[in-house]
1. With (1) surrounded by 11 or more Cβ atoms within 10 Å (Cβ to Cβ); (2) under 9 Å from the mean Cα position of the chain (by Cα); (3) hydroxyl-bearing (S, T, Y) as the list, and T16 as the residue in question, which single condition is left unmet?
2. Check region 35-55 and report whether any residue there is outside any helix (DSSP H, G or I), closer than 27 Å to L3 by Cβ, within 22 Å of the chain's Cα centre (by Cα) and among the small types (G, A, S).
3. Filter region 41-52 down to the residues that are touching a helix residue (DSSP H, G or I) at 6+ places or on another chain (Cβ under 7 Å), under 21 Å from L10 (Cβ atoms) and open to solvent by 70 Å² or more (accessible area, probe 1.4 Å) and list them by number.
4. With C26, C18 as the choices, which residue is assigned to a helix (DSSP H, G or I), over 17 Å from L59 (Cβ atoms) and of a type outside the set (F, W, Y)?
Amino acid sequence: MPLLISDEQLHQAGLTECDARVELACRFFDANRLTLHQAATWARLDRLGMEAALAQRGLPIYRYTTDDLESDLETVKHLGELRDAGHQ
């Protein structure tokens, strides 16, 4: 199903077709509806261009999760154990 946005509607929003593609891609990425790769494809940008578009809007490229924190804490604990074992 194609989504049609008229030139008049784009003009009212102060957007070009390219601007609208990027804006939609950024917002869908931020809402976890698209991956970074999918959003870049929607926006017709490469990865770095998509990351720059997100940064311009103050949108994070990566969201640190509780699972990430737990994994990092386990790594730090393991590294501490290795260090302590090396000092014995």
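1. For T16, the failing item is (2).
2. Going residue by residue through region 35-55, those that are outside any helix (DSSP H, G or I) are 35, 44-46.
Narrowing further to those that are closer than 27 Å to L3 by Cβ: 35, 44-46.
Keeping just the survivors that are within 22 Å of the chain's Cα centre (by Cα) gives 35, 44-46.
Checking which are among the small types (G, A, S) leaves us with none.
Among the residues of region 35-55, not one is outside any helix (DSSP H, G or I), closer than 27 Å to L3 by Cβ, within 22 Å of the chain's Cα centre (by Cα) and among the small types (G, A, S), which makes the answer no.
3. Selection gives W42, R44.
4. On the way: C26 fails: over 17 Å from L59 (Cβ atoms).
Only one candidate qualifies: C18.
This table checks each residue for (1) open to solvent by 90 Å² or more (accessible area, probe 1.4 Å); (2) without any contact (Cβ under 8 Å) to a residue 60 or more places away in the chain; (3) at negative phi.
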| position | (1), (2), (3) |
| --- | --- |
| I5 | no, yes, yes |
| H11 | yes, yes, yes |
| T35 | no, yes, yes |
| A39 | no, yes, yes |
| L54 | no, yes, yes |
| G58 | no, yes, no |
| E74 | yes, yes, yes |
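The values are calculated or read from the model by the stated rules, or taken from the named source; none is laboratory data. In this text the structure is predicted, and so the values were computed from the model without any measurement. We place every Cβ from the backbone using ideal geometry, glycine too, and count neighbours over all the protein chains shown. Protein only, heavy atoms only, side chains kept; ligands, DNA and RNA dropped before computing areas. Shrake-Rupley method; radii C 1.70, N 1.55, O 1.52, S 1.80 Å.
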